[in-house]
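Each remark here refers to the structure printed beneath this line.
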Amino acid sequence: NPTSSYTYTIGAGGAGGAAGANNGSTGGTTSLTDGASVTLSGSGGVGGNGRTASGGGTINVGALGGVASGGDLNIQGQCSSAGVTLSGSRASLSVGGNTKYGAGAKAANGAAESPTGFGSGGGAPSVSGVNTNYAGTAGQGGIIVITEYRS
């Protein structure tokens, strides 16, 4: 049964890492509570690992998606893809995680595109030459969707 009021917080998207070997920041937590029996929470995804363009032969695993808690069904958010830097050839950097409500940032040559929709992850650019460091893009903020249920 609904209570008279709820407290909620919409988590902000994590910031993209600055150009070079600078990690992105973890996104904020989105939560909803009635102050008594209901507390639902979804943490933001972990910020990705930064690296320099000249650091050839490196592999960075994808960053973990956010974690849900308090619900009957708690599903972890999608991870970002892994990134690889190949010396003198191409730096193929990671792409942000997707959500039901949006697509993670895609890698574009020389700049990362921004993610679209709620809760989707930022990304890093794909670089033709490995001489220039580029910044990553920020993730999108969270979302709360409330659906009425009748038994």
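The values are calculated or read from the model by the stated rules, or taken from the named source; none is laboratory data. Model, not experiment: these values are computed from the prediction. Cβ: placed from backbone, ideal geometry, glycine included. Neighbour counts: every protein chain shown. Surface accessibility is based on the protein's heavy atoms, side chains included, excluding ligands, DNA and RNA. Shrake-Rupley method; radii C 1.70, N 1.55, O 1.52, S 1.80 Å.
Once region 51-74 is narrowed to residues that are at pLDDT 75 or above and farther than 20 Å from Val95 by Cβ, the residue that is most open to solvent (accessible area, probe 1.4 Å) is Asp72.
Counting only residues that are part of a strand (DSSP E or B), under 23 Å from the mean Cα position of the chain (by Cα) and not small (Gly, Ala, Ser), which one in region 1-48 is surrounded by the fewest Cβ atoms within 10 Å (Cβ to Cβ)? First the steps, then the outcome.
Going through region 1-48, the residues part of a strand (DSSP E or B) turn out to be 7-9, 30-33, 39-42.
Those left that are additionally under 23 Å from the mean Cα position of the chain (by Cα): 8-9, 30-32, 39-42.
Next, from what is left, pick out any that are not small (Gly, Ala, Ser): 8-9, 30, 32, 39-40.
Numbers: Tyr8: 12, Thr9: 14, Thr30: 23, Leu32: 18, Thr39: 14, Leu40: 17.
Applying the filter and picking the extreme gives Tyr8.
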